[in-house]
1. Please provide three numbers in whole Å: the alpha-carbon extents of the stretch 3-123 along the principal axes, with the largest listed first.
2. In the stretch 63-96, whose amide N lies under 19 Å from the spot 7 Å out along Cα-to-Cβ of residue 152? List them in ranges.
3. Starting with the fewest neighbours, write out 39, 166, 69 ranked by other beta-carbon atoms found within 10 Å of each beta-carbon.
4. Within 12 Å, Cβ to Cβ, of residue 57, how many net charges do the neighbouring residues add up to if Lys/Arg are +1 and Asp/Glu are -1?
5. Report, in whole Å, the centroid distance computed from the Cα atoms of the stretch 37-75 and the stretch 98-130.
6. Under the rule of at least 5 residues apart or a separate chain, name every residue whose amide H is placed under 5 Å from the amide H of residue 90.
7. For residue 62, what residues show an amide H to amide H distance below 5 Å, using hydrogens built from the backbone and excluding near sequence neighbours?
8. Applying the Karplus parametrisation 6.51 cos²θ - 1.76 cosθ + 1.60 with θ = phi - 60° to the phi angles of the stretch 91-107, what ³J(HN,Hα) value in whole Hz is obtained for each residue in order, glycine and proline being reported as x?
Amino acid sequence: MLFETQHLTIHLYQNDDVDRLLAILSDPITMRYWPQPFTREGVEVWIARNLESYNQHGFGRYKVFLKETGELIGDAGILKSTLIGEPFNDLEYIIHNPFWGYGYGTEVAIALKDYAFTKLKLDSLYANMPWNHAASRRVAEKIGMKFVKQFANERNRNIQTLLYVTYNNLI
């Protein structure tokens with residue numbers, strides 16, 4: 001376990017996590033704001049990319065479990081990313097749709113922000129989401145992120161995307 005919150009435990013990915021993660025990332029409702037739901041091969045690449053990110057940067061995306069039941073309910077983390085030609089630390093979160101509405105997205109985002117700023121000593125975190133993804137926008141705002149700009153996201157069907165940022169006041 002990497003860390004825990006009141007309701008969640010956060011764990012590093014392993015190569016044998018494909019089947020459990022596939023149930024979440026292939027779900028069309030959960031993934032409706034993504035270009036498309038993932039295939040098995042896409043999940044294998046997803047996990048490999050995160051394992052590489054752990055080695056290269058010391059962080060990546062992680063498995064999110066519900067502490068009470070031990071059930072995998074999502075994926076969240078921080079990735080080095082580039083959007084609109086700029087590199088940044090991207091705070092990302094996906095909660096499986098049966099678990100929407102319980103505050104788990106906000107809970108994991110708060111914990112990741114704290115982890116990024118206190119443990120990793122990152123200077124800033126960004127989050128991006130489609131303009132119409134109100135729940136994701138609310139998570140960013142609840143954790144103190146501020147709106148930066150709206151742009152056409154070439155990685156997601158050129159849909160209008162909102163970019164948010166928060167800065168580390170501890171360094």
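1. Here the Cα extents, ordered largest to smallest, are 34, 32, 27 Å.
2. Backbone N within reach: 83-86.
3. Lowest count first: 69, 39, 166.
4. Within the 12 Å Cβ shell, the charges total +1.
5. A separation of 15 Å, based on Cα centres.
6. Residues meeting the amide H criterion: 79, 80, 81, 126.
7. Amide H neighbours of residue 62: 76, 77.
8. 7, 10, 7, 9, 10, 4, 4, x, 10, 5, x, 9, x, 5, x, 5, 4
No value in this document is a laboratory result; all are computed from the given coordinates. From a predicted model like this one, the values you see are computed outputs, not experimental measurements. As a convention, Cβ positions derive from the backbone with ideal geometry for all residues, glycine included, and neighbour counts pool all protein chains shown.
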